[in-house]
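Here is the structure we will look at, set down as structure tokens.
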Amino acid sequence: MQSSSRDRLHEITAGTHAAIDLDAYETNLNVLRTIAGRDRSLMAIVKANAYGHGAIQCAESAARAGAAFLGVARIDEALQLRRAGIERPVLIVGPPNTAQIDLALASNVQLTVSTEAAFDHVAAAAQRMNAPASVHLKVDTGLHRYGALPDLAVSLARRMAESEWIDFRGIYTHFSSSDERDPEPTNDQIAIMQRVLDQLEKQDLTPEYVHVANSAGIIERFFNQTNLVRAGIASYGLDPSDDVPVDTRFKPVMSVHSVLARRFVLAQGEPVSYNRTYRAERDEPTATVPIGYADGIERHLSNTGWFSHKGRRCPIRGRVCMDQTVIGVPEDAEEGDLVTIFGDGSNDEMTINELARMCSTNTYEIPVRVAARVPRIFLRSGEPVAWSVPLLGEHGSFS
Ligand SMILES: *Cc1c(COP(=O)(O)O)cnc(C)c1O
């Protein structure tokens, strides 16, 4: 295993790959815990393969950094963590696939319930397994995707407290607009949540955990009477939005790199890539890089974005293709040289925050779209400690 891991490191770093800085991730989590304060626990949101960063390695790292909970969107994502030996409490922060509830309970995964039907499914499954299910109640305070409206929330809370098959562990809601400058929509949601909490309090139904804040909510300190926060995007060192950026204590966790696979001179007047959208203005040193939109590099960056070679900008020439991109390179660039696609900006490379703006999307979508065929290398103190090749379902460590 040891030597094959070393071979893997050589293979992975010789081609297109993502580097995941676990020190940066833990630093960001610690900053978020500091902002949230001593009285609040932290749930590290590692859904969608930890926003593309690598769920297993980020979950282990989050546990090390003191995250009390892990949050995922799908039961399969929770099972992935359990199969990797991760024992931290895991909450499914969405409506569970009812056909997988037994699986979830067998793996000690906490579920979200926000309808009578989901309550019945979960209670029946718990009875079959002869062990109570740990459940959080989700309240719809205005996002209106799912969740129990306030009256239903109060009656569901009562049913949960009375059921021997439901262990009522928490209640929460999710903000629609905490990443905007205007606090009013969030304050409205908090007021609705507070009325629900007041009613539970009166009936002595308040569960152990009350949670509302996502990353932007943490940064903007929308906590109120809560004792748990749920951190996703900011833990990866990325701005929740232009209006609510992370401060300088946060560091981007992911960078993506590739290699100059072919170095050539594009003769003056010659076009390059599909549809001939770029022509060389003079004889230009040029290189083909094996990364494209199937790897998660937006086609929108055609003739617009740039990669970085030893701190120098290499403009994208012509169309970004599915598997390849052509760039202009400095005279001294050679085949086999590494280029950075995006990173923390320290070598004048594109950053995810910048990419999101250039591609008219949010910072979430950029790392999430880094494809399963892009291998990941995990770093501590700048040194590789683990790797994964999601496409092959393989991963290992160097320690
Ligand atoms: C994804 C998600 C989060 C994390 O949101 P960020 O903005 O990435 O911090 C928190 N809570 C719920 C319910 C989510 O679905």
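No value in this document is a laboratory result; all are computed from the given coordinates. All values reported here derive from a predicted model rather than from experimental measurement. Positions of Cβ are backbone-derived with ideal geometry, glycine not excepted, and every protein chain shown enters the neighbour counts.
Assess whether Asn130 counts as being on the phi > 0 side of the Ramachandran plot, more than 16 Å from the ligand (Cβ to nearest atom) and surrounded by fewer than 19 Cβ atoms within 10 Å (Cβ to Cβ). In short, yes. In the stretch 81-114, the qualifying residues are those that are within 17 Å of Ser163 (Cα to Cα) and within 16 Å of the ligand (Cβ to nearest atom), and the one that is surrounded by the most Cβ atoms within 10 Å (Cβ to Cβ) is Leu111. For the stretch 154-190, the candidate set comprises residues that are assigned to a loop (DSSP other than H, G, I, E, B) and polar (S, T, N, Q); within that set, the residue that is farthest from the ligand (Cβ to nearest atom) is Ser163.
If only residues of the stretch 251-281 that are surrounded by 13 or more Cβ atoms within 10 Å (Cβ to Cβ) and charged (D, E, K, R) are counted, the one that is nearest to Glu331 (Cα to Cα) is Arg263.
Taken over the stretch 24-54, the criterion of being in contact with a strand residue (DSSP E or B) (Cβ under 8 Å, 6 or more places away or on another chain) and more than 13 Å from the ligand (Cβ to nearest atom) is satisfied by Arg33, Arg40, Ser41, Gly54.
Kindly provide the set of residues from the stretch 59-80 that are more than 16 Å from the ligand (Cβ to nearest atom), of a type outside the set (Asp, Glu) and not in a loop (DSSP other than H, G, I, E, B), ordered by number. Ser61, Ala63, Arg64, Leu79, Gln80, listed by residue number. Scanning the stretch 29-58 for residues that are among the charged types (D, E, K, R) and either in a helix (DSSP H, G or I) or closer than 17 Å to Val389 by Cα (or both) gives Arg33, Lys47. So is Leu149 touching a strand residue (DSSP E or B) at 6+ places or on another chain (Cβ under 9 Å) and surrounded by fewer than 16 Cβ atoms within 10 Å (Cβ to Cβ) or not? So Leu149 passes the test.
Kindly indicate whether any position in the stretch 172-184 is surrounded by fewer than 22 Cβ atoms within 10 Å (Cβ to Cβ) and of a type in the set (S, T, N, Q). Within the stretch 172-184, one or more residues are surrounded by fewer than 22 Cβ atoms within 10 Å (Cβ to Cβ) and of a type in the set (S, T, N, Q).
Annotation: of all residues in the stretch 192-234 being in contact (Cβ under 8 Å) with a residue 60 or more places away in the chain, within 13 Å of the ligand (Cβ to nearest atom) and out of contact with any strand residue (DSSP E or B) (no Cβ under 8 Å at 6 or more places or on another chain), the one that is farthest from Leu32 (Cα to Cα) is Ile233. Can you find a residue in the stretch 64-76 that is in contact (Cβ under 8 Å) with a residue 60 or more places away in the chain, aliphatic (A, V, I, L, M) and either over 26 Å from Leu111 (Cα atoms) or crowded, with 23+ Cβ neighbours inside 10 Å (or both)? No, that holds for no residue.
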